[in-house]
Amino acid sequence: MPFLRPVNLSGFLSIQRFSIYAETGLARPRVSIWSAEGQRQLAYRETLLAQYRCAYDRRQRRLHEVSHPTLYQTICASPQLELIALDDAQWIKVQQRSVSRRTSLPTSRGAQLLLAGFETSALMFLCIQAAGW
């Protein structure tokens, strides 16, 4: 069963810890992702954009590795010419983000300090001064 992911302005979409290239000409629409037998296929409106080989860890229920990209020529390609032509070694199509633990937000909040011993806050003091009162 496919699932959908939006494409960012650079042409990448996010799957778990991986950013995978789909197509630069498809900024913001959702792309369907098909999983079958160690492969991930990216399609937009029944047009195959790319195919990747994936290793899935069943115990942790997450992707372990994404590799071997195969990109297809489509009508969705950006008409913009490339400023610098990159070969396959220079153009990284799969980027893995580090595993980051979510940090808890601080529980204490800061307190407003008094300005020169007045009972009003510094912002209120500046507003009164700017109004010329």
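Let's see how each residue does on (1) touching a residue at least 40 places away in the same chain (Cβ under 8 Å); (2) surrounded by fewer than 10 Cβ atoms within 10 Å (Cβ to Cβ); (3) over 22 Å from Pro29 (Cα atoms):
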{"position": "Tyr44", "(1), (2), (3)": "no, no, no"}
{"position": "Ala55", "(1), (2), (3)": "no, no, yes"}
{"position": "Pro69", "(1), (2), (3)": "yes, no, no"}
{"position": "Gln73", "(1), (2), (3)": "no, yes, no"}
{"position": "Gln80", "(1), (2), (3)": "yes, yes, no"}
{"position": "Ile84", "(1), (2), (3)": "no, yes, yes"}
{"position": "Asp87", "(1), (2), (3)": "no, yes, yes"}
{"position": "Arg97", "(1), (2), (3)": "yes, no, yes"}
Exercise for the section: Return yes or no: is Glu65 loosely packed, with under 10 Cβ neighbours inside 10 Å and either under 17 Å from Val7 (Cα atoms) or at pLDDT 85 or above (or both)? Expected result: no
Practice task
Look through Ser10, Ser19 and report the one residue that is in a loop (DSSP other than H, G, I, E, B), out of contact with any Cys (no Cβ under 7 Å at 6 or more places or on another chain) and within 18 Å of Gln96 (Cα to Cα).
Solution key: Ser10
Exercise for the section: State yes or no: is Pro6 in contact with a Leu (Cβ under 7 Å, 6 or more places away or on another chain) and over 22 Å from Asp88 (Cβ atoms)? Expected result: yes
Fill in the blank from the handout: Filter region 26-42 for residues that are loosely packed, with under 14 Cβ neighbours inside 10 Å and in a strand (DSSP E or B); the one that is nearest to the chain's Cα centre (by Cα) is Arg30
Problem - So Leu49, is it more than 18 Å from Gln96 (Cα to Cα), touching a Leu at 6+ places or on another chain (Cβ under 7 Å) and in a strand (DSSP E or B) - result: yes
Completion exercise
In region 19-59, anything under 18 Å from Ile92 (Cα atoms) and of a type in the set (Asp, Glu) is listed as Glu23
Exercise for the section: State all residues of region 68-116 that are under 19 Å from the mean Cα position of the chain (by Cα), in a loop (DSSP other than H, G, I, E, B) and modelled with pLDDT of 65 or more; if no residue qualifies, say none. Expected result: Trp91, Ile92, Lys93, Arg97, Ser98, Val99, Ser100
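The values are calculated or read from the model by the stated rules, or taken from the named source; none is laboratory data. Everything quoted here is computed from the prediction, not taken from an experiment. Ideal geometry is used to build each Cβ from the backbone, glycine not excepted, and the neighbour counts take in all protein chains shown.
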